Amino acid sequence: MSLHYHWSVQTLLNLSIAFDAIRQNKLKSLLTSLGIIFGVSSVIAMLAIGSGARQEILDQMSLLGVNNIIIKPVIEQKEGPVTEESETTSRKPGENQKKYSEGLTLEDAETIKEYIPYVEFVSPEIVLETTIIRSGYRRSGKLVGVNNNYFETTDFKLLNGTLFSEEHLENSVPVCVIGYDISVRFFPGENPIGKQIKCGNHWLTVIGVLKERRMADQSFEHLGLRNTNLDIYVPVKTVLLRYLDRARVTRQDILRASRQGEVTKGTNYNQIDRLVVRVSDSGYISTTAEIIARMLERRHFEVVDYEVIVPEQLLEQEQQTKRIFNIVLGAIASISLIVGGIGIMNIMLASVMERIKEIGVRQALGATRLDIMLQFLLEAITISLSGGIIGIFFGIFLSFLIERMTGISTIVSSVSIIVSFVVSITVGLVFGSYPANQAARRDPIESLRYE
């Protein structure tokens with residue numbers, strides 16, 4: 001018990017001596033701790049940026065849903081060498097003939113829903129550029145043909161009104177659900193429900209308004225998403241009947257092709273711009289995607305004019321990218337901490353040389369090597385720990401400042417704070433050990449003679 005008490009008293013005495021040394025050399029101690037301050041703040045800020053970026057990716061993926069399979073058309077696919085001879089040489093009937101596909105159609109969506117198990121629903125999407133007009137105000141915008149499943153896959157919420165009824169969807173009724181910004185710009189100060197808005201050559205009756213959804217423009221573009229606040233949504237069959245059905249060949253198409261001499265290559269002949277397939281169980285995502293790809297291959301006569309995308313795979317790739325990003329940022333911040341630790345070691349070595357006579361006096365008064373070592377080691381740890389605490393607050397402030405000034409999302413986690421706190425103590429312990437050991441090993445007689 002007395003030994004433990006003696007050890008505690010000696011430790012407190014050495015800690016008091018360390019504090020006195022720091023107070024007597026405030027400027028030098030502050031400059032010594034700057035490396036730790038900036039190192040710790042860099043660790044917290046960089047990890048906050050990495051965590052914010054990861055969370056933003058998760059939020060983006062939630063818009064698509066991890067149980068969704070996305071099917072997009074590919075406008076043109078070519079394989080193998082093409083020579084002038086192969087284009088002009090006559091072929092025998094059925095030999096090397098280019099296979100025909102009518103592209104991605106609404107019938108594909110209905111077939112997937114009907115014949116593939118574990119598919120909850122299929123959400124088709126047609127996007128057309130259009131001109132929106134009302135009360136003398138005009139602007140370009142997008143007309144989006146969808147069904148009610150679309151709003152579920154994108155997690156849209158209604159602010160006012162209703163979604164499409166079965167009659168609207170089946171009978172191609174000219175109604176629409178508008179984005180929040182459309183309601184603000186075209187219906188300022190009034191309720192748009194029941195009123196009409198002109199899209200292209202047709203007037204549409206507004207039956208619903210979506211809640212506002214705000215994200216950075218980069219976030220919308222990252223996964224091919226639009227600023228949905230400026231979109232007008234109509235039933236998909238209304239778009240095909242009243243606006244455009246790319247799968248249907250019209251008299252105008254024939255006349256245009258005859259004037260041009262041939263059908264323009266690369267023309268989008270797909271009836272549907274995107275299909276989103278919701279799978280009931282995420283465990284069947286990969287298998288269902290493979291079955292869908294095989295079904296579409298048969299339906300499109302082995303013409304691969306589509307691509308099947310699994311968001312879960314995108315999520316894994318993005319998470320891997322973010323992990324690498326965090327490792328790189330952590331490595332950069334660690335270099336800052338190492339530089340700060342080297343600074344502490346250099347200053348402490350210089351402090352030992354300046355205080356050789358003081359070391360000799362303490363040894364002459366009965367201080368052991370352990371006491372001398374603890375004195376300088378506690379001094380290094382105190383400087384490092386105080387720098388770490390200041391660095392933690394500075395790192396949190398820096399993360400907040402980055403988010404406010406750049407719009408980059410940052411998340412300061414408790415793990416990063418704990419890690420930074422532990423690292424600051426470790427840096428002081430590791431880089432303070434050598435100077436402390438050098439001080440403890442000095443001969444007391446030579447120390448007293450030192451001038």
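Just one of Lys92, Lys98, Lys142 is at pLDDT 90 or above and basic (Lys, Arg); which is it? Give the steps one after another, and end with the answer.
Working: Lys92 fails: at pLDDT 90 or above; Lys98 fails: at pLDDT 90 or above.
Going through Lys92, Lys98, Lys142 in turn, the sole match is Lys142.
Assigned by TED's automatic domain parsing to the domain that holds Val43, in a helix (DSSP H, G or I) and farther than 22 Å from Ser33 by Cβ: does that describe Ile392? Here the answer is no, as Ile392 does not meet what is asked. Residue-level analysis places Gly428 among those that are under 19 Å from Ile347 (Cβ atoms) and at pLDDT below 75.
Among the listed residues Leu225, Leu240, Leu255, which satisfies the condition of being modelled with pLDDT of 80 or more and either in a loop (DSSP other than H, G, I, E, B) or at negative phi (or both)? Can you show your working first?
Details: Leu225 fails: modelled with pLDDT of 80 or more; Leu255 fails: modelled with pLDDT of 80 or more.
Going through Leu225, Leu240, Leu255 in turn, the sole match is Leu240.
Which residues, taken from the stretch 114-140, are free of Cβ contacts under 8 Å to residues at least 40 places away in the same chain and in contact with a strand residue (DSSP E or B) (Cβ under 7 Å, 6 or more places away or on another chain)? Once the filter is applied, which keeps residues that are free of Cβ contacts under 8 Å to residues at least 40 places away in the same chain and in contact with a strand residue (DSSP E or B) (Cβ under 7 Å, 6 or more places away or on another chain), the stretch 114-140 yields Glu129, Arg138, Ser140.
Restricting Glu190, Glu170 to those that are without any contact (Cβ under 8 Å) to a residue 12 or more places away in the chain and surrounded by fewer than 22 Cβ atoms within 10 Å (Cβ to Cβ) reduces the list to Glu190.
All of (1) β-branched (Val, Ile, Thr); (2) more than 37 Å from the chain's Cα centre (by Cα); (3) at pLDDT 55 or above hold for Thr83 with one exception: (3).
The values are calculated or read from the model by the stated rules, or taken from the named source; none is laboratory data. All of these numbers come straight from a predicted model, not from anything done at the bench. As a convention, Cβ positions derive from the backbone with ideal geometry for all residues, glycine included, and neighbour counts pool all protein chains shown.
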